[in-house]
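The values are calculated or read from the model by the stated rules, or taken from the named source; none is laboratory data. The model shown is predicted, which means the values in this text are computed figures rather than measured ones. So basically every Cβ, Gly included, is an ideal-geometry build from the backbone, and we count neighbours across all protein chains shown. Please note that ligands, DNA and RNA were not included when accessible areas were found on the heavy atoms of the full protein model with its side chains. Shrake-Rupley method; radii C 1.70, N 1.55, O 1.52, S 1.80 Å.
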Number of protein chains: 4
Amino acid sequence: MLHIYASTMNTKPTLRVAVIGASGYSGGELLRLLAPDPGVRVEVATAHAQAGRSIGDVHPFLAGRLALTLTAFDPKAVEGLDCVFIALPSGEAMRIVPALLGKVGCIIDLGGDLRLPNAALYEQYYRKPHTAPQLLGEAVYGLPELNRERIRGAKLIANPGCYPTSVILALLPAIKAGLVNPRGIVANALSGVSGAGKSSAVEMSFAEINENVRAYRIGDHQHTPEMTTVLEQVAGMSVTLSFVPHLIPVTRGIHTTVQADLAAPVSQADIRNVYAEHYLKEPFVRFGTRIPELRAVQHTNFCDCAAFVDPSTGKLVVISVIDNLVKGAAGQAVQNMNLVFGRPEHTLLS
Amino acid sequence: MLHIYASTMNTKPTLRVAVIGASGYSGGELLRLLAPDPGVRVEVATAHAQAGRSIGDVHPFLAGRLALTLTAFDPKAVEGLDCVFIALPSGEAMRIVPALLGKVGCIIDLGGDLRLPNAALYEQYYRKPHTAPQLLGEAVYGLPELNRERIRGAKLIANPGCYPTSVILALLPAIKAGLVNPRGIVANALSGVSGAGKSSAVEMSFAEINENVRAYRIGDHQHTPEMTTVLEQVAGMSVTLSFVPHLIPVTRGIHTTVQADLAAPVSQADIRNVYAEHYLKEPFVRFGTRIPELRAVQHTNFCDCAAFVDPSTGKLVVISVIDNLVKGAAGQAVQNMNLVFGRPEHTLLS
Amino acid sequence: MLHIYASTMNTKPTLRVAVIGASGYSGGELLRLLAPDPGVRVEVATAHAQAGRSIGDVHPFLAGRLALTLTAFDPKAVEGLDCVFIALPSGEAMRIVPALLGKVGCIIDLGGDLRLPNAALYEQYYRKPHTAPQLLGEAVYGLPELNRERIRGAKLIANPGCYPTSVILALLPAIKAGLVNPRGIVANALSGVSGAGKSSAVEMSFAEINENVRAYRIGDHQHTPEMTTVLEQVAGMSVTLSFVPHLIPVTRGIHTTVQADLAAPVSQADIRNVYAEHYLKEPFVRFGTRIPELRAVQHTNFCDCAAFVDPSTGKLVVISVIDNLVKGAAGQAVQNMNLVFGRPEHTLLS
Amino acid sequence: MLHIYASTMNTKPTLRVAVIGASGYSGGELLRLLAPDPGVRVEVATAHAQAGRSIGDVHPFLAGRLALTLTAFDPKAVEGLDCVFIALPSGEAMRIVPALLGKVGCIIDLGGDLRLPNAALYEQYYRKPHTAPQLLGEAVYGLPELNRERIRGAKLIANPGCYPTSVILALLPAIKAGLVNPRGIVANALSGVSGAGKSSAVEMSFAEINENVRAYRIGDHQHTPEMTTVLEQVAGMSVTLSFVPHLIPVTRGIHTTVQADLAAPVSQADIRNVYAEHYLKEPFVRFGTRIPELRAVQHTNFCDCAAFVDPSTGKLVVISVIDNLVKGAAGQAVQNMNLVFGRPEHTLLS
C-alpha cells in the first residue's frame, strides 16, 4: 500500500495548513476532508500525547491517504502557515491563540473559547476562568449562513458549536422574519456520541450508551448562551430558549426539534416560502417539505431542515439535522477556510 | 429440552386467560410475562396467519418455556375465560369486543380502539371509521396511577398507549397540583422501533433506522388526543400539547422530555416534593433526582421520572422513561389484570 | 416508590448469600436474578470503590427492587452465609477464597482464577502469577451439563467462562460421540461488550464499537486453555482449537460458530439425533433445527444450538448462542447454587 | 439549495455513464461516488418502480448534489454510452446484457449473473436457471488485485461479490505462495445488513437485527462457488472452503476471519513478508500488523488485512475488512471503470 494522495496530486500552489489537536474525532475528520485536496497541504498536525506516531497509526482510516507524523505543539512550527485549525478541548485554544495571532494567515478555532461575547458568560457555563478575554470580541462567528461576508478575509474565526449550528439554522428564517415569538422557544437536540470527543468515561462506553437515551445538562449546557447570543443579534431583542441535549446510540449526527409560538397565525405554505427563500442560495442548507433524517446528512456538510405549522397548538415545529463532525465541526471549518481564501465554498465538501 | 414451566409449577387454582394477537411483539411479551406464573394459565393464543405453529417456533425465546399452539381466533374458544388480552392492530379490537363482552371475565385491549371518548376523534386521528362507538364510553382507561380503584373489578379496560403512559405520568403531579400552565405544553418522545410492531416496511429495516433519527406524524399522532383527553380530565380545563414522536435506533423503550410553563415561580425543592409525594406509594413509578435513563427500565414495568426547574426560562422540564413493551403495553396489561383479580399488583412484574 | 420485593415476599426460610463485586455487570445481573426470590436473601453486597452507596444508586434498574447498601469486603461479614458469589476481575478471587473456604456453605467464583488445572497455564494466559495454586485442583467446574452430580453439594465452584460455556456446549455431544476429529477444530465467537465488564477504555467507548467489529487476542485468549482442558477430559485425547474472539456492537450475548472435521461421513439426521438425545433432558439447552439467534436467549439462561453437516467440505458446523451475563455468568452461577442447595434447577431462571 | 456539482464543475470531456438499478444501496453508492467527478456524467439512472422521481427524492443524501430523474430501463437510452453499471438483483442482468453488448463501451455488472464459470453451478446456488449461459465465460472477473491487466480495456466485467472480495484478498498471497493447504479452509464472515439490499423482510427490520446475530445459508451461500472458482485458479488445484456468513447489527462492512492449515511451519515474520510484498503496490489493500477493524474502511475503497500464525494449532489466521458497498460493490466498480478507461485507479475513491 504505497499510494498517498498528497504526493500524487499535489501539482499546483497550495494552502499550507496546520491541525492543532489532530488525534481527536474533529481533528481526524479535518484531515480526512483535507487529504484528497491538491490545493491544501497539511504541514503540521499536533497531538501532544501521541507525538511521534504516524497519522495512519492514530487514525487507521487515514493510513495510506495522508503521510504525516504527529508532533507536539510548537508555535514556531506553524508560523507563516496560511491557516491553523484548532481542535482542542475548550480551555486550551485561549492559551495558544494570542501567540499565533498575526503570525499565521487565519486561525479557525473549533472549540468554544472564542464564541461567547464576554468572560462572565464563559465562566458561568464553561465553569472555568477565561484567560484571554481580549479575544472575545475579536473573532468572527463562523456560521456562513449568517456571516458570510465577514468571514471572507477574517483572521480569527470562532467555528460554531454543533448544537448551535443545528438550532440557529432551524430558527434563523423564522426569527429574522418575525414569524415566531423569540421568548419561550423549546429546542430538544439528540446527539451522536462522537460529539463528546474520544472518551474514556464509563458512561460513554458502548454498554452504557447502546439501547439507551440520556439527557444531560438540562437548562445549563454551555452551548445555550452561544445560541441565545446569536439569536438575540438576529431578533434584535431578548430570546429565551429551553434547550435540552440528549445522547442517543448513534455515532454521528445531531437531530434538533424546535417548537416556538407563532407570532401570528400563518399558513404552512407561507412558512415554507419564507424558509425556502431564505435558504435558496445556500450551498449547504437543504430546506424541504419532507421530514429530515440524520442519514441523509451523515458524512456530508449539509444541514437538512423542514418547518411545520401545528395549527391546534399555534406552534411552529422545525426539524434540522447535521453531521456533528462535518457541518457541526470540521466541515464547517473547511467551509470557512474556503471563504477566507476565496476558494469555491464547497471545495472538498459534499 | 423438555422443561416447560407451566407443567411443573401449575399446582394451585389459576386464572385462565387468552392472548388474541400472540405473534406480535406485545403478544410475545405478554406470553413471556405470563409463562412463569403458576397462577395463570394461557388457554388460548391466536394469530390467524400463524395458526397451527407452536409458540416456540414463532417466538424462539419462548421455546421450552410455554407449550402452546397458535390458533385462529374463535369467540367460542375464549368464552368463560377469566381474562382476554387483545394485542391486535388498531381497528381489529372493535370488531371482536362486542361479541366477547359479558362472556369472559375481563377484556383488556392493548390497542387504541377503546381509548378515545368519541368516534369523531377516533376517525380524525386513526383515519378510519369506528365500528363500535357504543364501546367508547364504557372502557376504563387502564392507567393504574390514575384509575386504580376503577380498574379493580372492571370488565373492559383500554390499556393506555405507550406514548400516553410516558407523557401522562410525566405531567400528572404537576397538572394536578396546578404547577404548570396546561396550555402550550411541549412533549418530545423518542421511541424504540418495537413500538411500531413487527414491520415489513423498508423504512423500518435496520439499514434505514440504524445511525438515524426520524420524527413522524408531527402534530397529528393518534396518541395526541388520548393524552389531551386524559390530561384535560385531570386539569379540569382544556390542554394544548405539541407532541412530536421520533424513531431512534433502539429496540425497546420510550424517552419523553416535557417542557411546560410554570404557572408561578417555584423552587426545585418544591417541585420535587410534589412529585415525590404524588408517587410515594406507586409500585411502578420511581421518581428521583437523577436524570432517568432508558436502560434502567428496559425489560421492567417501571416508569422512572425526574423534574427540573429551568429558572432562566420559567419552564418545568420533566423526563420520563418506560419500556414501551412492558409499562407501555404488556406489563401494564398484566398490572391491570392483577388489579382486576385482586392479586398483588406487582405479581409477575419487576 | 416504596415497594421492595424482598420485604413483601420473604415469608419462608431462606438461603443467605453474598455477592462480592456487586457493582459490575455480572454482579448487577446476579442481584437482578436473586432479587425477586423469597427463598434467597442477599445479606452482603460488596464493591470497595462504591462502599456506602445504595444498590439502586449504582444499578438504577434495581432501585425499588432491592434495598441494600454496598460495603467494602470483610471476610467476617460473610462468615456463616450459605453461598458466596465472587464476581471480581481475575486475580482477586484467589486472594480471598482461602480465607473463606470452610467458613461459608459454598463459594461460586464467576472469574477465571479457579478454572485451570495448574498455575503454569494460568500464568501463561492470564499474564500474572497465581497466588493460591493449591485451589486449582479443588474447585468443581460448574457446567451443569457436564458436571451436574459433582456440583450438588460442592463447596467450591469455578463458574465457567462465557466463551467456554458456548464453545463446550456446542461441541460436547460431538466429541463425546466421537463424531469429529478433536484436532484442528476452529471456533469463532462474537461477543457483546458487556463481556468485558464496565470499562473506561477508549476502545470500548460507543463511538469506537458501534458500526465496528474487532477481533482480539487471536490464538492466545485466556479462555482457550479452559476450553481445551475440558474438551480433552471429554475426548480422552488431546484437542487443538483455533479460537478467535471478536467484539461486535451488541451489549449482551455470545454467538459461536464451530467448524470441525467429521471423523467419518455422517448424515444430517444422525448428527441431529446425537445432539437431540444428548440434550433431551437439559433444562437450559435448546437443541433445534433452526439456526439459533442471539435474540432468543438474551436475558435468559438458555443456550440455543444447532448442528449442520457441510457435505462438500466434510465439516460439522455448530452454532451456539448464550447471554454472556446469564448462562455465561450470573445465570449459570444461580443454576449452580440451585443444584448445590437442592432447589429446582430452574428456580429464578428463565 | 441550488448548487449541483455536475453543473458547476463539468468543464472537460467526460465519460458518459448509466446506472441501471439506481434506487438500491449499491446504485445510490455509485451515484454518490460519481457525483463530484467533473470527468464523469451520469446520463441515465433507472429504477423501474421509481421512474419519474428525482434522485434526491429517492436518495435524500444526493439531494442538491446530483440533478437526475429516474427512468424506466430502455436499451435505446444507453446506446453509445461509455460505461453502463448494472446494480440489479441477481437474475436481471442476464436478461439485459445481451442486448447491450457491443452497443456501449463497457458493461460492469455488480450482481452475480456473470461471475460463475457455468450455468450448472449458477443454477445450483442461485436456485434459478441461467438464461444467457453464453456470457459466463466472457466476462472478466473484476478484482483488480487479481486481474488488473485483463480489466484494462475490457468490454464486460463481472464485479466481484462482497464476500468473495474479502475472502479472496485475505487468502490470495498465502495460496499463491503455497503457504497454506487449500483444502479444509474455514472462512466466517460478518456482514452489515446493507449487503442484503433494501429489504422489506420482517427479519431485516431493526427490531429483528439489533442486538442480534444470525448465521444463514450455512455451507450453501451463492458466493461460495465464486470464491472456490477463483481460488482454484490461483492454487492450480481444488480448494475446499467452509464458508459461513453472518448478519450482524452493522449497516456497512464485511469482517472476515479465515483459518487455514499452514502447509509447513513458518514464522510470523515470513508470513508478513509474503503478504506485505504481495500487496506493496496495491492502491486499495492495506496490509499491516494491527488487527484490522471495520471502522477504518467504512465509506472507503480500502481492504485492510493482517495475518497471524497460531503456532499451537498450526493455523494461519487472516482477518480482512471492507465496506461492502464500496470495495465490495460500487467502489470496486468505479475502480474497474477507472482501469478500463485508463484513468488514475484511485480517481473518485478514497
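Give me a single rounded figure for C:338-348: the average over its residues of other chain Cβ atoms within 10 Å of their Cβ.
Per residue, the number of nearby Cβ atoms from other chains is 1 on average.
Can you compute log10 of I(q)/I(0) for segment B:59-142 with the Debye formula, treating each Cα as one identical point scatterer, at q = 0.14, 0.21 Å⁻¹?
Values, matching the q order: -0.55, -1.01.
Once you order the gyration tensor axes a ≥ b ≥ c over the Cα atoms, which shape class does segment A:151-233 get: rounded for a/c under 1.5, otherwise prolate or oblate by comparing a/b with b/c?
Note, shape of segment A:151-233 comes out oblate.
Over segment B:163-324, what per residue volume does the convex hull of the Cα atoms give, in whole Å³?
114
P(r) for the protein assembly as shown, please, calculated from all Cα pair distances in 10 Å bins and given in %.
Result returned by the calculation: 1, 8, 16, 21, 21, 18, 11, 4, 0.
Okay, helix-only estimate at 222 nm for chain D: each DSSP H run of n ≥ 4 adds -39500 (n - 2.57), divide by all residues, round to 500 deg cm²/dmol; what do you get?
-8000 deg cm²/dmol
Mind running the shape call on segment B:11-125? Use the C-alpha gyration tensor, a ≥ b ≥ c as the square roots of the eigenvalues: rounded below 1.5 for a/c, prolate if a/b tops b/c, oblate otherwise.
prolate
Compute, for chain D, the length of the dipole vector about the Cα centre, with Cβ point charges of +1 (Lys, Arg) and -1 (Asp, Glu) only. Units Debye, rounded to 20.
Using only the charged Cβ atoms, the result is roughly 500 debye.
Please label the shape of segment A:141-181 as rounded, prolate or oblate, based on the square roots a ≥ b ≥ c of the eigenvalues of the alpha-carbon gyration tensor (a/c under 1.5 means rounded; beyond that, a/b larger than b/c means prolate, else oblate).
oblate
Taking the 0 to 90 degree range and rounding to the nearest ten, how far is the long axis of helix C:224-235 tilted relative to the main principal axis of chain C, both from C-alpha atoms?
On a 0 to 90 degree scale, this one is about 60.
Among B:Y125, B:S191, B:I157, whose Cα projects farthest towards the positive end of the dipole of segment B:85-222, with charges put on the beta-carbon of Lys, Arg (+1) and Asp, Glu (-1)?
B:I157
For chains A and D, what's the summed buried accessible area, probe 1.4 Å, to the nearest 100 square angstrom?
Interface between A and D: roughly 2500 Å².
Report the equivalent ellipsoid semi-axes for chain C in whole Å, largest first, defined as the square roots of five times the eigenvalues of the gyration tensor built from alpha carbon atoms.
Working: eigenvalues 223, 88, 87 Å².
Whole-Å semi-axes of the equivalent ellipsoid: 33, 21, 21.
Among chain D residues, which Cβ is nearest the axis of the D-onto-A rotation, and at how many Å?
So the chain D residue sitting closest to the axis is D:H299, 3.
Considering every pair of different Cα atoms, what Kirkwood radius, in Å, is found for segment D:106-183? Display every interim value, and only then the final one.
Working: mean 1/r = 0.0732 Å⁻¹.
The Cα-based Kirkwood calculation yields 13.7 Å.
If packing is taken as the average number of other Cβ atoms within 10 Å across a peptide's residues, how do B:296-303, D:265-272, A:289-296 rank, most packed first?
Packing order, densest peptide first, comes out as B:296-303, A:289-296, D:265-272.
Can you give the FRET efficiency to the nearest 0.05 for A:K155 and A:K281, using r as the Cβ-Cβ distance and R₀ = 25 Å?
For R0 = 25 Å, the calculated efficiency reads 0.45.
Do me a favour and compute the ellipsoid semi-axes for segment B:215-308 from its Cα gyration tensor, root of five times each eigenvalue, largest one first, whole Å.
Equivalent ellipsoid semi-axes, largest first: 22, 21, 13 Å.
Report the label-to-label distance for A:D74 and A:T347 in nanometres (one decimal), using points 7 Å from each Cα along the Cα→Cβ vector.
Using points 7 Å along Cα→Cβ, the separation is 2.9 nm.
If one takes the longest principal axis of the Cα atoms in chain C, at what angle in degrees, from 0 to 90 and to the nearest 10, does the Cα axis of helix C:268-279 lie?
Once rounded, the angle reads 20 degrees.
Averaged over peptide B:238-251, how many Cβ atoms belonging to another chain are found within 10 Å of each residue's Cβ? Walk me through the numbers before you get to the answer.
On the way: counts 0, 0, 5, 4, 12, 4, 9, 0, 7, 2, 8, 11, 11, 10.
Taking all residues of B:238-251 together, the mean is 6.
Once amide H atoms are built 1.01 Å from N in the peptide plane, which residues 5 or more positions from A:F287, or in another chain, come under 5 Å H to H?
Here A:C305 satisfy the definition.
Take the Cα pairs of segment C:271-350, get the Kirkwood Rh, then feed it into Stokes-Einstein at 25 °C and 0.890 mPa s and tell me D in µm²/s.
181
Just the projected area, averaged over all directions, of the convex hull on the alpha carbon atoms of segment A:242-290: how many nm²?
About 5.2 nm², averaged over all directions.
Where the label is 7 Å out from Cα toward Cβ, how close does B:R53 come to the same position in every other copy, in nm, shortest first?
B:R53 label point versus its equivalents elsewhere: 2.9, 4.4, 4.9 nm.
A:P129 label points, 7 Å along Cα→Cβ, one per copy: pairwise distances from this copy to the rest in nm, shortest first?
5.1, 7.7, 8.7
Where the only charges are on Cβ atoms (+1 Lys, Arg; -1 Asp, Glu), what is the dipole of segment D:163-324 about its Cα centre, to the nearest 20 debye? Working shown, then result.
Details: 12 positive and 14 negative charges, 37 e Å.
Dipole of segment D:163-324, to the nearest 20 debye: 180 debye.
Mind checking the mean number of beta-carbon atoms from other chains within 10 Å of the Cβ atoms in B:293-303?
5
Under a point-charge model restricted to the Cβ atoms of Lys and Arg (+1) and Asp and Glu (-1), what is the dipole moment magnitude of segment C:53-97 relative to its Cα centre, in debye to the nearest 20?
In total the dipole reaches around 100 debye.
Roughly speaking, to the nearest percent, how much of segment D:80-179's 1.4 Å accessible area is carbon and sulfur?
Exposed carbon and sulfur together represent 50 percent of the surface.
Suppose a student asked you for the relative contact order of chain C, using Cα pairs under 8 Å spaced at least 6 residues apart; what percent would you report?
Result for chain C is 16 percent.
Run the label-point distances for A:R290 please: 7 Å along Cα to Cβ, every other copy, nanometres, shortest first.
3.4, 3.7, 4.1
Show log10 I(q)/I(0) for segment C:86-245 at q = 0.09, 0.12, 0.14 Å⁻¹, two decimals, from a solvent-free Debye sum over equal Cα scatterers.
Evaluating at q = 0.09, 0.12, 0.14 Å⁻¹ gives log10 I(q)/I(0) of -0.32, -0.57, -0.77.
Among B:V297, B:L66, B:T313, whose Cα sits farthest toward the positive end of the charge dipole of chain B (+1 at Cβ of Lys/Arg, -1 at Cβ of Asp/Glu, about the Cα centre)?
B:L66
Could you run the Karplus curve 6.51 cos²θ - 1.76 cosθ + 1.60 with θ = phi - 60° over segment D:30-44 and give me ³J(HN,Hα) per residue in whole Hz, x for Gly and Pro?
Each residue's phi maps through the Karplus curve to give 4, 5, 4, 5, 7, 3, x, 8, x, x, 10, 10, 7, 8, 9 Hz.
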